[in-house]
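A quick write-up on the structure given underneath.
Just so it is clear, none of the values below were taken in a lab; they were calculated from the coordinates. Just so we're clear, the structure is a prediction, and the values are computed from it rather than from any experiment. Cβ coordinates were reconstructed from backbone atoms using ideal geometry, including for glycine residues, and neighbour counts include every protein chain displayed.
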Amino acid sequence: MTAKPRRLALRSTAISIRATSELFLGFNKLPYNVPSTQVTTQTNTLPAAESTALIGQATERRIAWLTLLIGATAAVATLLTRRPLFAAGLTIGTILAWLNFRWLARGLDALVAQSTAQSGAEKPRVPITNYFFAVFRYTLIALAVCVIFKFLYVPLVSMILGLCALGAAAIAASVYELIAGPKH
């Protein structure tokens, strides 16, 4: 490596360190002598916030369909072992986990919309319905599990394992994101 590319690489690193310190730490004086330069780039991609939102939506969709796929696969495998009540419990738990995820996403979207609308307010208000639906979601799932367990004699363990399909889907989607990298 010649001296000129090495100096350019060091200067580039120093500029990025300086920009990071100005952005996150709020100071602009660093102990080394780096001239202040303004770097502008122009790309034909979406702005960072929109791109991040699109990636988040893709991940949400991936988690939703992976939840159903993992639960259905487990239920079919259990059905092949001739345990229909256990398979029914896995299916019920998976559907409840999927509904919980959809309701959670809807509630968070409403909360983000409210906070964005009130971004200039000194003390933003959160609608009481957001709290109600958060409690209602878990109450409804617990009630459904109790009723199904009591009246349909579906094993409780199978419904709990079905509810775990959401966790497995979230892990699978996260591993996919790590391996595939961001898609901008």
So what J values fall out for region 153-159 if you push phi through Karplus, 6.51 cos²θ - 1.76 cosθ + 1.60 with θ = phi - 60°, rounded to Hz, Gly and Pro as x? 6, 7, x, 4, 4, 5, 5
Ranked from fewest to most other Cβ atoms within 10 Å of their own Cβ, L90, L143, L104, L96 fall in the order L143, L104, L96, L90
Fewest to most neighbouring Cβ within 10 Å: what's the order for R106, R125? R125, R106
Give the separation of the Cα centroids, region 103-127 to region 59-98, in Å. 33
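In whole angstrom, how long is each semi-axis of the equivalent ellipsoid of region 48-180, when you take the square root of 5 times every eigenvalue of its Cα gyration tensor and sort them from largest down?
Each semi-axis is √(5λ); the values are 33, 21, 7 Å.
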